[in-house]
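Read the structure below first, then the notes.
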Amino acid sequence: MSLTLYLIAGLFLPLFPLSMLFNQMFARLRHPWLRVLLLLAWPQIGVLLLSQAADPVPDWFAGWALLSAAFYAYRAIALREVGLWIGYIATSAWALLWIGVVEPSLHHLLALGFSLPLAFTALLTGFLEQRLGAAHTALGGGMAIAAPRFAGLFVVAVLAAVATPLFPNFFSLLATLLNPAALSPLFALGLVLIWLLWTWSGIRLLQGIVVGSPVRNGLQDLSMTATWVYSAGFVGLLLIGINMGGVLL
Amino acid sequence: MSGPTPVSALMHAGIVNSGGFLINRFAPLFVESGDVLHAVFVVGLVTAIIGSVLMLTQHDVKKALGYSTMGQMGFMIMECGVGAFSLAVYHLIAHGLFKGTLFLSAGGIIGEARKDDGVPKEDLYTFVVERKPARQRRPWLLMAAITLAVPGIILFLAHYLVEQAFFEKQGAVALLFFGWITGAQLIFATHRMRTENLTRLFTLILVSFTVVVLGYTLIAHAFDLFLYPDPAFRARIYEAAGIDLIFFDLLVVLVTGVIVLGWLFTYYAEQQRLTERSWYHELRRRFYRAISRELYVSDAYAWLSRQLIAGANRVNTIMRWH
């Protein structure tokens, strides 16, 4: 019975190939707010399911999760579409929630830590999709010149999405790494490698979208109000991250 | 290196120095695990040699400065490896100041050089840029002897002034050794410079070398007293970095022998015009090709990156991007 429950949880804390369901859904959703909702709610369902299981999670699930996370992190390096990229990074991050399962309240917080920065990035990506039809590097190059306010925020959003220190997902990653239940050199190496792949894929996206010559001229930049709102949001994320660091570590 | 120059300046004058800084912060830990310091020394030595060699062949100013940083970082780590922890802190401050200045000046100098190279057509230019040394006029054996002896004497006296018992510390001897090589290399590199007054040139070289060595030794000693005021702990750091005395002495004799023979051979080869032989040119060309291509590390890295991305693309296509 527990195994069935774990496999269902594997849909929400995505384990390959069960993860394909989430990525298919995420790719189909075009509205930024629906994506935000999915990013915030999806892993929480998985954590809730895990807390209902009577038996402890079998050890081999941790290995499966690490491989799934590494697989999606690796696949993310080839992506040039921001929406898909967010889905892959989310899949890779949530799979890590299987490693060293902690008590339910902290587990929900860990999942939220992974989701929050990605939700912000998804919201900001809506700007590109509205203006260009798609958030693809082939369409949105040279944003630093064409839309400097958006470009600046996008750089911060991508840095937040790849778990740059002080953002909540960094502390979730660190808490996973330092979890006594999963403390081993192999897992530590795997986690660091996954983090490296996230960063590489993020920098490739920034190279494609922010730098270079503008693909399209006359693009309307983010309004000042929206810029301030997003900036305040990122400051809020940092504060949440610092607070989470205190709770999780 | 494709980033903005101020970012490079910040990186090379700031973040990269963290190696030496962290080793200093963790000094009590390193004292308890002496073997690690030997590995630190070897890593630093290899990095210093590779970084410095690569720096000499780069045509791009920023790349050359980047490899110079690599060499300096290697040297800094090597200082930690021989137990001269505080020297690494002094080194990182000095390096940060001069490398930041060099990076920030690089762009302006490139811009000016596009209009006018600004280099005066004088002896120094023909010697350094056009590589046209004067024909040998001095007896090579005398020059070789001066090259080897003078830096050694200056370094010995400078260290003796600071601490009479410095020869008991292996780390100090190792650093002295590197200083000696650097000084000898300086004299060797300049001995064929065109000049009307050879005595004046050599006096200036020796005075500047003495000032640098004295300054370096005294400031390093002051840093040592400031950062590690406990003499017992200072001694423990050097002790942890030390190796078996017989092995150390053998190593010093062996490396000294190799370097002295190398220099003697270089003077001799110049005298006998061995450098004009075809086998020498071929050897030099192959070596130059390898280091100017950064030992093919960049090529291998670029190839690996392309393969990984192509592989990820293939997987994504097979999985229909889900």
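The table that follows gives values for the structure above.
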quantity: Backbone HN-Hα couplings from phi across region B:198-204 [Karplus 6.51/-1.76/1.60, Hz, Gly and Pro as x]; calculated: 5, 4, 5, 4, 5, 5, 4
quantity: Net charge of neighbours whose Cβ lies under 15 Å from the Cβ of A:H136, counting Lys and Arg as +1 and Asp and Glu as -1; calculated: +3
quantity: Chain A, helix-only ellipticity at 222 nm - DSSP H runs n ≥ 4, -39,500 (n - 2.57), divided by all residues, nearest 500; calculated: -24500 deg cm²/dmol
quantity: Projected area, mean over directions - region A:127-249, Cα convex hull, nm²; calculated: 8.3 nm²
quantity: Sequence-separation-based contact order of region A:1-111, relative, with Cα cut under 8 Å and 6+ spacing, percent; calculated: 35 percent
quantity: Cα gyration tensor category, rounded, prolate or oblate, for region B:176-322 with a/c compared to 1.5; calculated: oblate
quantity: Difference of contour (0.36 nm per residue) and Cα-Cα distance, B:R320 to B:Q272; calculated: 10.3 nm
quantity: Inter-probe distance in nm under a simple model that places probes 7 Å from Cα toward Cβ, at A:E103 and B:I153; calculated: 7.6 nm
quantity: Nearest 10 degrees, 0 to 90: helix A:224-248 Cα axis against chain A principal axis; calculated: 20 degrees
quantity: Taking only Cα atoms of the protein assembly as shown, radius of gyration then Dmax in Å; calculated: 29.9, 95
quantity: At R0 = 22 Å, FRET efficiency that the Cβ-Cβ distance of A:M20 and A:A188 yields, to 0.05; calculated: 0.20
quantity: Two-site label geometry, B:V207 and A:L166: point separation in nm, points 7 Å out along Cα→Cβ; calculated: 5.1 nm
quantity: Computed E for B:I15/B:F178 - FRET, C-beta separation, R0 25 angstrom, nearest 0.05; calculated: 0.50
quantity: Nearest 10 degrees, 0 to 90: helix A:2-12 Cα axis against chain A principal axis; calculated: 10 degrees
quantity: Counted charge near B:Y67, where neighbours are those whose Cβ lies closer than 14 Å (Asp, Glu -1; Lys, Arg +1); calculated: +2
quantity: A:L178 versus B:S298: modelled label distance in nm, points set 7 Å from Cα along the beta carbon direction; calculated: 4.0 nm
quantity: Degrees, to the nearest 10: A:82-95 long Cα axis against longest axis of chain A; calculated: 20 degrees
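Readers should treat all values here as calculations from the given coordinates under stated rules, not as data from a laboratory. If you're wondering where the values come from, they're calculated on a predicted model, not measured in any experiment. Cβ: placed from backbone, ideal geometry, glycine included. Neighbour counts: every protein chain shown.
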